[in-house]
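Chemist: Got a structure here, written out as structure tokens. Questions coming.
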Amino acid sequence: MNAVQLGIRLHDVKKAPIEERVAIAKEQGFACAHVALSKLISEYPTDDGALTPGFACHLKRVFQKNDMDMAVLGCYLNLATPNEEALKRNQDRYYAHLRFASLCGAGVVGTETGAVNEAYRFEEANHSEEALKLFIKNLTPVVRRAESMGVILAIEPVFKHIVWNPARARAVLDSVSSSNLQIIFDPVNLLDLSNYEQREEIFAEAMEVLGSDIAMIHLKDFVIKDGKMESVAAGTGMMNYEKILKFIKERKPYVHVTLENTTPENAVWSRKYIQEIWERS
């Protein structure tokens, strides 16, 4: 598959030690993977103190052995929590992940953009200007640490979170003003029951407004079921990927593109589905 690297979330691969999951992903034809340590490893600790240089070098060797890239090291913690102690813990967790990423060779440390409550749930206040200012304030020191580590921190806009549309994502990028802050573009995460019928316009805006700062891409699909939006594997829902793949072809050579919401049973099928669209587009 020329000029794009398709990958998978390792926690969507058949349950096994992380070393085996990387090998399975490679056997399934994937070129890179999204790593969320707490979702992958239970047999030994993954707290901040466990993220040693030796552990990082071990994972780097595992990926190199399988000719795979670690596309994303995930750290999806709330940077807008009103609990000051929790905020400090979360920021410290980001710092540990940034240090770890600098040693294990992860493409980006990835994160979503939080909520103004401890439960990390949607409420209307998430979309307020006050929430955006709070997120930028609490994100900025994390980005400065990313700069000192030579690591890219990538934020992922999500409709239910604080950075919920392309314009707000652009505002964060412009306010923080750092080449070490970029974007994870997950098209489905920009959608909600209120706007999914306008999805092509939303995707086009995201690619136009954020295109130069998109560091990597998540691909999944969605269905409307019992009055709710449900995320599913690429190719099993309502998405049309033609324009997104055209954007990748024209502007993002060899970008990491990880599939989400796959199962061990449909992951290879989903990869082939995207590859077929790529090859004929």
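Derivation of every value follows stated rules applied to the coordinates shown; laboratory data play no part. Not measured: the values here are computed from a predicted model. As a convention, Cβ positions derive from the backbone with ideal geometry for all residues, glycine included, and neighbour counts pool all protein chains shown.
Chemist: Could you work out the relative contact order of the chain, using alpha carbon pairs under 8 angstrom and six or more residues apart, expressed as a whole percent? Walk me through the intermediate numbers first.
Modeler: Values: 518 pairs, mean separation 53.9, N = 281.
Result for the chain is 19 percent.
Chemist: On to the next question. With both bridge residues required to lie in the chain, what share of the DSSP beta bridges run antiparallel, to the nearest 5%?
Modeler: Values: 5 of 33 bridges.
The antiparallel proportion sits near 15 percent.
Chemist: If each DSSP helix of 4+ residues adds -39,500 (n - 2.57) and the sum is divided by the residues in the chain, what number results at 222 nm, nearest 500 deg cm²/dmol?
Modeler: Mean residue ellipticity, 222 nm, calculated: -13000 deg cm²/dmol.
Chemist: Which of the residue pairs LYS39/LYS160; LYS225/LYS252; LYS39/LYS65; LYS133/LYS249; LYS88/LYS228 have a Cα-Cα distance greater than 27 Å in the structure shown?
Modeler: Numbers: LYS39/LYS160 22 Å; LYS225/LYS252 33 Å; LYS39/LYS65 22 Å; LYS133/LYS249 35 Å; LYS88/LYS228 34 Å.
Correct reply: LYS225/LYS252; LYS133/LYS249; LYS88/LYS228.
Chemist: Which whole-number percent is the relative contact order of the stretch 194-281 (Cα, under 8 Å, 6+ apart)?
Modeler: Numbers: 89 pairs, mean separation 26.3, N = 88.
About 30 percent, as a whole number.
Chemist: Assuming a ≥ b ≥ c are the square roots of the Cα gyration tensor eigenvalues, decide whether the stretch 121-279 counts as rounded (a/c under 1.5), prolate (otherwise, with a/b larger than b/c) or oblate. Walk me through the intermediate numbers first.
Modeler: Details: a/c = 1.91, a/b = 1.34, b/c = 1.43.
The shape class here is oblate.
Chemist: Can you compute the charge dipole magnitude of the chain about its Cα centre, using +1 on each Lys and Arg Cβ and -1 on each Asp and Glu Cβ, nothing else charged? Give it in debye, rounded to the nearest 20.
Modeler: On the way: 33 positive and 38 negative charges, 152 e Å.
Its charge dipole is roughly 740 debye.
Chemist: According to the square roots a ≥ b ≥ c of the eigenvalues of the Cα gyration tensor, what is the shape class of the stretch 29-102, taking rounded for a/c under 1.5, prolate for a/b larger than b/c otherwise, and oblate for the remainder?
Modeler: Details: a/c = 2.41, a/b = 1.88, b/c = 1.28.
Prolate, because a/c is 1.5 or more and a/b exceeds b/c.
Chemist: Can I ask one more? So which helices of the chain fit the span-like rule, where a helix is a whole DSSP H run, its Cα atoms reach 27 Å or more along the axis, and its mean Kyte-Doolittle is at least -1.0? The partial results should precede the final answer.
Modeler: On the way: long enough: 84-104 (30 Å, -0.92); 129-149 (30 Å, -0.06).
Once both thresholds are applied, what remains is 84-104, 129-149.
Chemist: In a Gaussian network model over the chain where Cα atoms closer than 10 Å are linked, find which of VAL209, VAL142, VAL158 has the largest mean-square fluctuation.
Modeler: VAL209
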